[in-house]
Amino acid sequence: MKKLLILVLFIAPVSLSAQKFGHFNSADIIQSMPEYKTSQEELEKLQKQYEDEIKAMQDELTRKSQDYDKEKATLPDNIKQRREQEMQELYTRIQQTGQDDQQALQKASAEKMQAIADKVKNAVKAIGEAGGYVYIMDVTSGIPYISEKMSTDITSELKSKLGLK
């Protein structure tokens, strides 16, 4: 019985040290991916399009407001009231369009980033399975400490797997 206990105590640390752990920096990888750069360009283009749309609506409101101010003294009350209501409706539409555009931009960004994250995740999984890793952790997510002696940095291998330089 004593020999069995000694054998177990001897084998346990050896089996723990045989496990492989890895880590990588997803921020470095994602920012070097062509998909990320393309998605950022597409999002900037979409944002510019939304900004131009809002600017056109604001210019229209400014023009209507200036026209109204010039003619206000000579307009009958019912026309004044109708024009004020039109300007208020346009202002409300500008506010709603801005909110809708912001939501659409956030959704588009989330979708593009999810596709990129899935690609990285699949590459990490493939490396983990091929290399016999127990865990592979992303240091970008705030891991407080990773031992460089007990964990392998797979960032360069992951970049290679993804076809990055």
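Some observations on this one:
- If you check ILE146, ILE116, ILE136, ILE154 for being β-branched (Val, Ile, Thr), surrounded by 11 or more Cβ atoms within 10 Å (Cβ to Cβ) and more than 24 Å from the chain's Cα centre (by Cα), only one passes: ILE146.
- The number of residues in segment 112-165 that are assigned to a helix (DSSP H, G or I), of a type in the set (Val, Ile, Thr) and in contact with a Lys or Arg (Cβ under 9 Å, 6 or more places away or on another chain) comes to 2.
- Residue within segment 46-66 that is part of a helix (DSSP H, G or I), surrounded by 12 or more Cβ atoms within 10 Å (Cβ to Cβ) and touching a Lys or Arg at 6+ places or on another chain (Cβ under 6 Å) present: no
- TYR145 among the aromatic types (Phe, Trp, Tyr), in contact (Cβ under 8 Å) with a residue 12 or more places away in the chain and over 20 Å from THR38 (Cβ atoms): no
- Cβ-Cβ contacts under 8 Å between residues 6 or more apart (or on different chains), taken from a first residue in segment 79-106 that is on the phi < 0 side of the Ramachandran plot to a second residue that is surrounded by 12 or more Cβ atoms within 10 Å (Cβ to Cβ) and outside any helix (DSSP H, G or I), are listed as ARG83/LEU75.
- The residue of segment 81-105 that is modelled with the highest pLDDT, among those that are touching an Asp or Glu at 6+ places or on another chain (Cβ under 9 Å) and charged (D, E, K, R), is ASP101.
The values are calculated or read from the model by the stated rules, or taken from the named source; none is laboratory data. Being a predicted model, the structure only gives us computed values, none of them experimental. With ideal geometry, Cβ positions are generated from the backbone for all residues, glycine too; neighbour counts draw on all protein chains shown.
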